[in-house]
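The values are calculated or read from the model by the stated rules, or taken from the named source; none is laboratory data. Everything quoted here is computed from the prediction, not taken from an experiment. For neighbour counting, all protein chains shown are included, and Cβ atoms are generated from backbone atoms with ideal geometry for every residue, glycine included.
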Amino acid sequence: MTRWERLGISLYGVFDLWSSSILAMYAHEIPSDPVHVGVNFLQLAAASGGIPLVVITNDGIGTLDLAQYQNQLAQWYGPAPSTEAAIHVHFIQSTNTLRITELWSRINNRHIRPVMESIYREINAGRYDPDDFIQRLLFLFLWVPLIQTSLDQWATLNNAPRPRVNQVIELPTVDRHHAYLNPETYGVEDKIIEVPEEDIEMILANSYSPSDLFPTHTPQWFHTRAMEIMHIMDFHFNQLTLQEVWTVFDQMLPRIQASYNTSVN
């Protein structure tokens, strides 16, 4: 079990191999749910105007929905439809994709690891017990949205155009959208399969429930009560920061515990 798994949080990213840019990064509660990944994949495809010709993933269980839709959409809209799923989805270990491994390592060292270490300082100081059921739910309630916001910010920073040459792929590290709109400039072909946004939205509406599209990260009974307490105390998610979240946690915890007649062990 990794240190993140002990915290009950799973992190994963979607990367563009060619431009070495981050398409999206996500935080979810554990266990990793193929539904979450599938929804995120379709929403990303709708926002991007299509899907890549090939998806490479090292998770054959958590990405079952993703693989299904990648193959389905590639067969429906691709220039040369194929019945062979392996052509459009490759399940390999991340160590075989050096560029992505290096990119993820850089993100981890600069951004993710400091956040994780700050959480474990609270654990080691006895201020947070991840094995306490109610404390763990409150932690997920506050931290998953906060980490998601941080991931979005880190992705934006990473994707900012930089005037340098990536020695691994021998291509300028440029804005991904500019690169894909002008592939001939870089001597390559566009590998994006265009998919109408309304078709993707229809798949989302027909395949998933509202709770799948808007996950709460904690059981609904807990989420509802925590939101009520958050409102009473005048706390707001868009005002949470990595520095202040523990203050909010400490102030909300007694009220949450009183709601369920529990106490700190």
Considering residues of segment 88-112 that are modelled with pLDDT under 60, part of a helix (DSSP H, G or I) and more than 19 Å from the chain's Cα centre (by Cα) only, the residue farthest from Tyr26 (Cα to Cα): Asn96
Test: residue in segment 78-85 that is exposed (fewer than 14 other Cβ atoms within 10 Å of the Cβ) and at pLDDT 80 or above: no
All positions within segment 104-136 that are under 28 Å from Ala155 (Cα atoms), touching a helix residue (DSSP H, G or I) at 6+ places or on another chain (Cβ under 8 Å) and acidic (Asp, Glu): Glu122
Output for segment 212-265, where each listed residue is aliphatic (A, V, I, L, M) and under 28 Å from the mean Cα position of the chain (by Cα): Leu213, Ala226, Met227, Ile229, Met230, Leu240, Leu242, Val245, Val248, Met252, Leu253, Ile256
Any hit, segment 178-186, residues being among the acidic types (Asp, Glu), modelled with pLDDT under 95, assigned to a helix (DSSP H, G or I) and farther than 30 Å from Pro254 by Cα: yes
Residues (modelled with pLDDT of 90 or more, outside any helix (DSSP H, G or I) and over 24 Å from Leu137 (Cβ atoms)) located in segment 187-228: Val195, Pro196
So Thr218, is it of a type in the set (Val, Ile, Thr) and without any contact (Cβ under 8 Å) to a residue 24 or more places away in the chain: no
Count of residues meeting criterion [over 18 Å from Met252 (Cβ atoms) and either assigned to a helix (DSSP H, G or I) or among the acidic types (Asp, Glu) (or both)] in segment 124-136: 2
